[in-house]
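Written below as structure tokens is the structure these notes are about.
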């Protein structure tokens with residue numbers, strides 16, 4: 001069982017991403033036994049991509065809307081060594097005024113100790129009220145320490161004493177320095193690879209943090225994480241899913257072609273693992289650069305991303321567009337989410353694309369749908385039988401003239417319902433993003449259809 005700690009915040013923008021980055025960089029440099037891994041609370045794609053591509057550490061999502069407590073614990077148990085979990089928004093913030101599915105929900109369900117980041121700029125004695133309020137808000141807050149952001153060493157000495165008197169352990173600080181800040185400005189539409197000075201920033205952040213953070217204290221708190229009791233991973237087998245994967249591998253392995261390039265990058269690692277656990281084999285391809293769907297493919301997965309930034313390149317790759325159309329028309333199973341859904345339209349912002357979805361999509365100046373939803377199938381389709389449901393989330397500025405009506409979406413925050421998604425026996429295409437590791441029945445249906453398509457294709461080739 002790995003040691004672990006959550007880095008949470010009092011609110012969005014307090015500096016938890018910068019602190020998490022600093023801690024991961026320090027622990028990686030330290031070379032801990034078993035290595036390190038990162039997790040992000042909530043459905044965010046950007047931070048895990050950042051952890052993987054820039055820091056070079058494994059990273060996954062932990063989301064209590066998508067996953068049960070047991071599933072989250074199993075996900076943590078897949079990792080060895082030390083895990084650092086980055087919280088989302090404020091520690092108790094979630095769905096509705098009661099804060100359902102918050103970072104605290106994750107910490108409580110997984111028995112993870114928490115270090116809270118407080119922006120100490122312009123604050124001194126009042127920090128005690130903040131700390132006591134956060135510790136006392138829930139009966140078991142899981143909070144074991146505090147780190148102050150945007151303060152100097154002299155101010156920190158006083159804040160550290162205030163923190164101790166308030167009932168928690170001070171674990172260091174970061175000074176106010178725009179050159180070490182890693183925030184949403186850097187992790188929005190611009191990908192990590194496009195930030196020319198990011199390596200320098202992280203190096204500077206690591207050097208600064210090595211002088212101001214109590215790394216040994218952080219590791220000591222991580223060592224107090226509650227053990228889950230599942231030790232299957234100690235012999236090299238991830239808990240639960242490994243036996244499933246071995247069972248599924250006795251069947252022919254359908255190949256799932258997954259779009260992954262600069263235009264399509266919003267991919268949950270857990271979804272890929274779910275495909276593999278159910279017997280699928282993954283091959284990646286680029287709708288921007290490649291000439292067609294890989295020949296060995298039996299299904300296509302088009303995830304979200306930023307296709308709108310690469311419309312010229314995507315539209316210009318006519319051989320790929322023809323390949324996608326031909327495969328879809330032939331009955332190859334296709335999952336297309338958000339950006340992948342846009343790619344299937346006749347046009348996006350007036351630029352012609354695949355033409356599988358008979359409609360146009362245009363960008364607006366505000367979010368069209370945002371937040372957690374539950375999708376319920378109005379008819380039998382690729383992923384679900386009629387009446388069955390699975391969790392999803394939406395975040396998009398685009399409006400389509402053809403949203404689909406195969407599913408009913410119900411917003412978790414207010415209960416509002418609306419229809420969406422094109423669904424058929426071989427297609428899921430819509431704006432909602434899916435976290436498929438939380439819907440094994442949907443994955444099983446998808447893999448089974450891919451296997452059936454692959455077997456049929458091989459049969460036709462042998463005739």
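The values are calculated or read from the model by the stated rules, or taken from the named source; none is laboratory data. Note that the coordinates shown come from a computational prediction; the quantities given were computed from them, not determined experimentally. Glycine gets a Cβ as well: all are built from the backbone with ideal geometry, and neighbour counts include every protein chain shown.
Looking at (1) at negative phi; (2) touching a helix residue (DSSP H, G or I) at 6+ places or on another chain (Cβ under 6 Å), which is the one condition that is false for residue 305?
Condition not satisfied by residue 305: (1).
In this structure, is residue 272 at negative phi and outside any loop (DSSP other than H, G, I, E, B)?
yes
Which one is nearest to residue 97 (Cα to Cα) among residues in segment 425-440 that are in a loop (DSSP other than H, G, I, E, B) and in contact with a helix residue (DSSP H, G or I) (Cβ under 7 Å, 6 or more places away or on another chain)?
The extreme case among them is 435.
Kindly check whether there is at least one residue in segment 54-64 that is in contact with a helix residue (DSSP H, G or I) (Cβ under 8 Å, 6 or more places away or on another chain), under 15 Å from residue 41 (Cα atoms) and surrounded by fewer than 20 Cβ atoms within 10 Å (Cβ to Cβ).
So far as segment 54-64 goes, yes, one or more of its residues are in contact with a helix residue (DSSP H, G or I) (Cβ under 8 Å, 6 or more places away or on another chain), under 15 Å from residue 41 (Cα atoms) and surrounded by fewer than 20 Cβ atoms within 10 Å (Cβ to Cβ).
Between 321, 311, which is assigned by TED's automatic domain parsing to the domain that holds residue 436, in contact with a strand residue (DSSP E or B) (Cβ under 6 Å, 6 or more places away or on another chain), within 16 Å of residue 264 (Cβ to Cβ) and assigned to a helix (DSSP H, G or I)?
Every option except 311 fails the conditions.
Being within 18 Å of the chain's Cα centre (by Cα) and surrounded by fewer than 18 Cβ atoms within 10 Å (Cβ to Cβ) is the filter here, so list the residues in segment 101-131 that pass it.
Hits for segment 101-131: nothing passes.
So, residue 19, is that one under 26 Å from residue 95 (Cα atoms), at pLDDT 90 or above and in a helix (DSSP H, G or I) or not?
So residue 19 fits the description; yes.
For segment 162-176, how many residues are in a helix (DSSP H, G or I) and more than 15 Å from residue 130 (Cβ to Cβ)?
Total meeting the criteria: 0.
For segment 42-121, which helices (runs of 4 or more DSSP H) that fit wholly inside it have 3 or more residues that are without any contact (Cβ under 8 Å) to a residue 60 or more places away in the chain and under 25 Å from residue 392 (Cβ atoms)?
69-77, 103-110
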